[in-house]
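This report concerns only the one structure given below.
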Amino acid sequence: MSSAIALLGQPNSGKSTLFNALTGAHQHVGNWPGKTVEKNEGSFDYEGKKIKVIDLPGTYSLAANSDEEIVTRDYIAGQEADTVCILADSSQLERSLFMLADYAGIRVPALLLLNMMDVAKVQGKNIDAKKISKKLGISVIPFVAQDKKNYSEFLSTVSAKQKAYPDYSVLEEEYKKEFGETYADVCRILPENGIGVYSPCWLFAKLVEKDPVAMQLVEDKIGSEKYSELNKILSGIKDGSSRTGSCKFAWIDAILEGSVKDSGSGLLRSKFDRIATSKRWGKPLAIAIMLGALILSIIFGIPFMMLGSYIPGLAAPVADALLEAGAHPLLVTVLCDGIWTAVGFALAMSGYIFGASIAFGLLEEVGYMARISYVFDNTMRKLGLHGKAVMPFICSFGCNIAGSSGTRVLDTWSQRMTAIALSWVVPCGSTWGVVGLIGSVFFGPGVIVIILLMFAISALHLFITSKVFGRKLLKPSDRTGIIMELPPYHKPRWGALVKHGLIKMKEALKRALIVITLISIVLSLLSYSESGDFTESILGRIGEAIEPVTMFFGLRCQTFIAWIGSMMAKEGALGVLASTFSHDSGVMHALATMKSNPVDNTALADILKTALTKPEALAFLFAFYFNMPCLMALSATLHETRSKKWTFLVAGYYVVMSLLIAAIVYHVACLIF
Amino acid sequence: MVLTEAKEGMTGRIRSVGGTPEYQRRITSVGLTPGCVFNVIQNRTKQPVLIYARNTQIALDRSDCEKIETEVVS
């Protein structure tokens, strides 16, 4: 029979270090069913036995505050794991044992790992694991997750099946002391043996904490009549969570009493930390470091991006070969212009995702990300969010896909959805490229003025968008303020970072390939014409037919199609412009050549300058800049939020807004030029 | 006095935590409960309040801090 263990612990308790050390390459990343919560599974062999390992999400407690916590609780209660390994950070033992205190009362076998013993020793703490073990009635192992040589005690303990769960009798006494008669009254109504693995003591705490999931569980079990009796008692209890919290910490104190000798001093703040959180220097430092991270993302991603941009270049010889072999031109168009280009785009894009997850993962890992959130908290509050939401905005400057997965650090779905909706205002790297190029063709150094204007409108856009969606999405109860640990600075674990980056990249690549392949097939079909002249293709004819309408927004047939094309991939806009104005090939072919050979910009510049007026160029630039991000970002958002309704609503909103802004800019510009 | 009024460098004790059950659950899980002793590290306008409690540096939203009653520990 195979066995399974689960790793449970607060963020920064060293859970992932242990998980990676145990499982090595034998791991699998997925999602918990129905939730956007990462599920890490793996396995290892010990003395001929295969042991499965589940890395539960890092949460601060087992309350039902977030999806992560609910997933964690359900998994433990489901008893799929034989043993739950609870990790605590020995350097912050009192606080990190809260997870154990919240677990106490759940009757699933557990053991306690006192991780980071080395750090605690340096701090002057002396922890007696045997004494703690005696009081808890479970195995307690001093541990250093980084040091694989010291795993033997842990491995032998975990492979011998554990049968004991933490002794919670002292905790029960604390509850009785704090709540008096109420404790007995509530327990009388509850089933005598609790519900499943949950003891009456655990259920009592969750009930007075007004934990919605636990309340539902109890109501279903005891029926509505008994439940209303219970509710009468519970409604008389104020500040339940604070009070059970005090009991839990009193229990922790009782366990640690006589087991821990602390000769160390309090917090020693480094000079760097003072600057990182200072009112004057915190923000400039954060901006400088984030710029550095963005540059680093691109550097890490370069190998994949180069590979990605090389692929479309191979399309032409393949196309020639196919045509010579007698394949139908339409088929060749779809294959070489469409799918081939798509693969290149997707690879280049996911290369950036790889770089970004390493660079920003690094900031998180060393502990600096929390400082960024701290200094930008006030700014994010103006948008109805809090400091932790700053991350998706920064990542979006590189790529909006990275931005949307960056929202996982937020507490609730509505905060996540709002943050993504707002971060779409942030233009990605490719958007900047196109704006810079076309802007300088028409306005030379004046492009700076245009970019400043775009910034100003972006700020306004952010404000309006936060009002439009914030009202519906963020109810007052979702507008929670920041409660955040500023962890001590750590050294990064490069291996784990790269591994995580590769996983993210694979995820993005898979999704991007599907979306972009479908779209490019459609686009290459629509823009195909036998003569190769774009205006004779279906797309060209439609474009010309609706030009009277699109001209209201200052968009000609060609710029309108380029605007649509940019939804597929932002730099695609350049290619579409080149092909539609030069009448020589399909739209997709142009997308391909733009990727492999972006040097021919002077030719494009000359064509554009003669074909478009300045107001028309402006209209296109603004419509392009404020449009929704590319379809890959849309599909990433769909994946993160699991809400078709809101994703498409937000996308529609951006499309409308971009046309609206273009129309205003165009008509004002017509008066000026 | 509430936490926003606490001076930098002060050592205090939490007397009570108000707010919704959700808020109380969240703040309890980072270790802040009545009776808990803390140091005020940084308390400036327009920045979250930074305190050190139970060996941990914690940032707290300013308006939330008004729900936290504290007293000075001498």
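For A:K39, the amide hydrogen comes within under 5 Å of the amide hydrogens of A:G30, A:N31, A:W32, counting only partners 5 or more places away or on other chains and with H modelled in the peptide plane. Coupling constants for the stretch A:13-24 follow from the phi torsions by the Karplus curve (6.51 cos²θ - 1.76 cosθ + 1.60, θ = phi - 60°), and in residue order they are 8, x, 4, 5, 4, 5, 4, 5, 5, 6, 9, x Hz; glycine and proline get x.
Sorting A:F626, A:F345, A:F581 from the fewest to the most surrounding beta carbons within 10 angstrom yields A:F581, A:F626, A:F345.
Among A:K206/A:K261; A:K49/A:K161; A:K149/A:K261, which pairs are too far apart, with a Cα-Cα distance over 21 Å? Provide the component values of the computation, followed by the final result.
Working: A:K206/A:K261 32 Å; A:K49/A:K161 12 Å; A:K149/A:K261 26 Å.
Result: A:K206/A:K261; A:K149/A:K261 exceed 21 Å.
Mind ranking A:320-329, A:188-197 by how tightly packed they are, going by the mean number of other C-beta atoms within 10 angstrom, highest first? Walk me through the numbers on the way to the answer.
On the way: A:320-329: 11.5, A:188-197: 14.8.
Final packing ranking: A:188-197, A:320-329.
Using Cβ point charges alone (K and R +1, D and E -1), the dipole size of the stretch A:169-262 about the Cα centre works out to roughly 120 debye.
Tell me what chain A gives for mean residue ellipticity at 222 nm when only DSSP H runs of n ≥ 4 count, each as -39,500 (n - 2.57), the sum divided by the residue total, rounded to 500 deg cm²/dmol. Each step should come with its number before you reach the end.
Details: 33 runs with 418 residues, N = 673.
After summing the helix terms and dividing by residue count, I get -19500 deg cm²/dmol.
Computed from phi, the 3J(HN,Hα) profile of the stretch A:501-516 under the Karplus parametrisation 6.51, -1.76, 1.60 (θ = phi - 60°) reads x, 5, 5, 4, 5, 4, 4, 5, 5, 4, 5, 4, 4, 4, 4, 5 Hz, with x in place of Gly and Pro. Per-residue Cβ neighbour counts within 10 Å put B:I41, A:I542, B:I27 in the sequence A:I542, B:I41, B:I27, beginning with the fewest. Measuring between their Cα centroids, the stretch A:352-426 and the stretch A:453-489 lie 11 Å from each other. On a 0 to 90° scale, report how tilted helix A:587-596 is relative to the longest principal axis of chain A, with both axes built from alpha carbons and the result rounded to the nearest 10. Long axis of A:587-596 versus the principal axis of chain A: about 70 degrees. Relative to the dominant Cα principal axis of chain A, helix A:341-366 is inclined by about 40°.
Taking the longest Cα principal axis of chain A as reference, the axis of helix A:601-611 is set at about 60 degrees. Measuring nothing but alpha carbons in the stretch A:490-554 and taking Rh as the Kirkwood radius, the Rg to Rh ratio lands at 1.36. Note on the protein assembly as shown: along the principal axes its Cα atoms extend 86, 61, 58 Å, ordered by decreasing extent.
Paramagnetic label reach from B:R13 (point 7 Å along Cα→Cβ; backbone nitrogen cut-off under 20 Å): within the stretch A:171-194, residues A:174-175, A:177-179. The residues neighbouring A:F560, those whose beta-carbon lies less than 12 Å from its own, together hold a net charge of -2 under the Lys/Arg +1, Asp/Glu -1 convention. For the peptides A:608-619, A:565-576, residues were scored by their other Cβ atoms within 10 Å and the scores averaged per peptide; the highest-first order is A:565-576, A:608-619.
For a quick check: sort A:L267, A:L659 by the number of other beta carbons within 10 angstrom, fewest at the front. Present the calculation step by step, with values, prior to reporting the outcome.
Working: A:L267 14, A:L659 22.
Starting with the residue having the fewest Cβ neighbours, the order is A:L267, A:L659.
Express as a percent, rounded to the nearest 5, the fraction of DSSP beta bridges in the protein assembly as shown (both residues included) that run antiparallel. Please report the intermediate quantities before stating the final value.
Details: 38 of 57 bridges.
Percent antiparallel among DSSP bridges in the protein assembly as shown is about 65.
Averaged over peptide A:479-489, the number of partner chain Cβ atoms lying within 10 Å of each residue's Cβ comes to 6. Relative contact order for chain A: 11 percent, from Cα pairs under 8 Å spaced at least 6 residues apart, divided by residue count.
When both the stretch A:132-169 and the stretch A:237-303 are represented by their alpha-carbon centers, they are found 27 Å apart. Restricting the calculation to Cα atoms, the stretch B:3-72 shows an Rg/Rh of 0.91 when the hydrodynamic-style radius is the Kirkwood one.
Around A:E192, under 15 Å between beta carbons, what's the net of Lys plus Arg minus Asp minus Glu among the other residues? Before the final figure, lay out the partial values.
Numbers: positive: A:R107, A:R188, A:K221, A:K226; negative: A:E172, A:D185.
Every neighbour counted, the sum reads +2.
Amide H to amide H, with H built 1.01 Å from N, A:R107 comes under 5 Å of A:Y198, A:S199, counting only residues 5 or more places away or on other chains. Mind jotting down the distance between the C-alpha centroids of the stretch A:612-642 and chain B, whole Å? Between the Cα centre of chain B and that of the stretch A:612-642, the gap is 44 Å.
3J(HN,Hα) along the stretch A:482-498: 6, 10, 9, 7, 9, x, x, 5, 10, 7, x, 9, 4, x, 5, 5, 5 Hz, from the Karplus curve 6.51 cos²θ - 1.76 cosθ + 1.60 with θ = phi - 60°, whole Hz, x for Gly and Pro. Under the convention that each Lys and Arg Cβ holds +1 and each Asp and Glu Cβ holds -1, the size of the dipole of the stretch B:3-72 around its Cα centre is about 120 debye. Amide H to amide H, with H built 1.01 Å from N, A:M628 comes under 5 Å of A:V655, counting only residues 5 or more places away or on other chains.
Taken residue by residue and averaged, Cβ atoms of other chains lying within 10 Å of the Cβ of A:234-247 number 5.
Throughout, read-outs are computed from the coordinates displayed, never taken from laboratory work. Owing to the predicted nature of the structure, the values given are computational and were not obtained by experimental measurement. Reconstructed Cβ throughout: ideal geometry from the backbone, glycine too, with neighbour counts over all protein chains shown.
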